[in-house]
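Novice: Dumping the structure here so I can ask a few things about it.
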Amino acid sequence: MTGSTAMLRVLAISNQKGGVGKTTTAINLGTALAAVGERVLIIDIDAQGNATTGVGIGEAERRITTYDVLMGRATLAQATLPTAVPNLSVVPANQDLVGFESEQLADRNRMFRLRDAVTALIASQRARPGEGGYTYALIDCPPSLNLLTLNALVAAHAVLVPVQCEFFALEGISQLKETIDQIRGTLNPSLDIQGVVLTMHDARTGLSREVAEEVKAFFGAKVYQTVIPRNVRVAEAPSHGKPILLYDYDCPGSQAYIKLATEIIDRERLIKAA
């Protein structure tokens, strides 16, 4: 369901381990969802700003960022920039986010800043139903369980967890799950794991197969059927400021993200129907 009749669904893309494909998933899943008719907003809350760079937004264009939103100086709508992909926008990030945690130590509401901004965006969309609001917001989280990630988990309806098919794949996953359970019990009762996506999978290696089986044993039906293959074209695309669907639509990585988008939409329909 798209456009003004749909409710905005907020998915945090999170894994405290670095290099697992969070940003790659945010960029390319967002593009794939947009390609099938969803209106998507990527919210970049990583100080490295890689998701912003990956959709072609340069440093000079980041005049209003997620830092301004979290500090209450701007709304998400004011910070949003269009991308080269129709129906895909981004709230950019930069190094200003580095100081956010230390600046907010005394604020009791510091974990609710992003949630408040998302709530305001949803209210704004409801107030203007004819304008076709966003149907998905994807929050690209930093590779740690810091205040920025907590903001994302408090603001999100569900979490999408990328897991790289490597030896230490499950390291930290149990801690992330414990954190999600804690947030569900205190700050965000509706938070759930929307799904787990296996990334950088190499079907030729026994290790990838073993890791995939371990992840499925741990998360069960939460693991998506779609697996993102290790693909050099996916790795190259961000350096060109393009999602993989624009850089090389026919490569295996592009096709995998299209399948993942379809699977996520199908899962969302089941959630809404329940």
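The values are calculated or read from the model by the stated rules, or taken from the named source; none is laboratory data. Bear in mind the structure is a predicted one, so any value in this text is a computation, not a measurement. Cβ sites come from the backbone with ideal geometry, for glycine too, and all protein chains shown count toward neighbours.
Novice: If you check every pair at least six apart or on different chains, which have Cβ atoms under 7 Å apart with a residue in segment 165-180 that is within 13 Å of GLU210 (Cβ to Cβ) first and a residue that is aromatic (Phe, Trp, Tyr) and at pLDDT 80 or above second?
Specialist: Listed pairs, sorted by first residue: LEU170/PHE218.
Novice: Give the residue, chosen from ALA117, ALA93, that is crowded, with 19+ Cβ neighbours inside 10 Å, part of a loop (DSSP other than H, G, I, E, B) and modelled with pLDDT of 95 or more.
Specialist: ALA93
Novice: Also: Could you list, in sequence order, the residues of segment 194-236 that are over 18 Å from the mean Cα position of the chain (by Cα), aliphatic (A, V, I, L, M) and crowded, with 18+ Cβ neighbours inside 10 Å?
Specialist: Of everything in segment 194-236, those that are over 18 Å from the mean Cα position of the chain (by Cα), aliphatic (A, V, I, L, M) and crowded, with 18+ Cβ neighbours inside 10 Å turn out to be VAL211, ALA212, VAL215.
Novice: Tally up the residues in segment 136-164 that are among the β-branched types (Val, Ile, Thr), within 25 Å of GLU210 (Cα to Cα) and more than 13 Å from the chain's Cα centre (by Cα), please. Working first, answer last.
Specialist: Filtering segment 136-164 for residues among the β-branched types (Val, Ile, Thr) gives 139, 149, 154, 159, 161, 163.
From what is left, the residues that are within 25 Å of GLU210 (Cα to Cα) are 159, 161, 163.
Those left that are additionally more than 13 Å from the chain's Cα centre (by Cα): 163.
Residues that pass the stated criteria total 1.
Novice: A further question follows. Being within 20 Å of ASP266 (Cα to Cα) and more than 11 Å from the chain's Cα centre (by Cα) is the filter here; which residues of segment 28-49 pass it?
Specialist: Within segment 28-49, THR31, ALA32, LEU33, ALA34, ALA35, VAL36, GLY37, GLU38, ARG39 qualify.
Novice: Further question: Within segment 165-174, track down each residue that is within 19 Å of the chain's Cα centre (by Cα) and surrounded by fewer than 20 Cβ atoms within 10 Å (Cβ to Cβ).
Specialist: GLY172
Novice: Those residues that are in contact (Cβ under 8 Å) with a residue 40 or more places away in the chain, assigned to a helix (DSSP H, G or I) and surrounded by fewer than 22 Cβ atoms within 10 Å (Cβ to Cβ), I need them from segment 120-146; list them, please.
Specialist: Of everything in segment 120-146, those that are in contact (Cβ under 8 Å) with a residue 40 or more places away in the chain, assigned to a helix (DSSP H, G or I) and surrounded by fewer than 22 Cβ atoms within 10 Å (Cβ to Cβ) turn out to be ALA120, ILE122, SER124, GLN125, PRO129, GLY130, GLU131.
Novice: Continuing with the same structure: Can you list residue pairs whose Cβ atoms sit under 7 Å apart, with the first residue in segment 236-253 being over 16 Å from GLY30 (Cα atoms) and the second being modelled with pLDDT under 85 and crowded, with 19+ Cβ neighbours inside 10 Å? Count only pairs 6 or more apart in sequence or on different chains.
Specialist: Note: pairs meeting the criteria are CYS251/ASN231; CYS251/ILE244; PRO252/ASN231.
Novice: With respect to the numbered conditions (1) under 22 Å from HIS157 (Cβ atoms); (2) out of contact with any Ser or Thr (no Cβ under 9 Å at 6 or more places or on another chain), which one is the sole condition not fulfilled by LEU33?
Specialist: (2)
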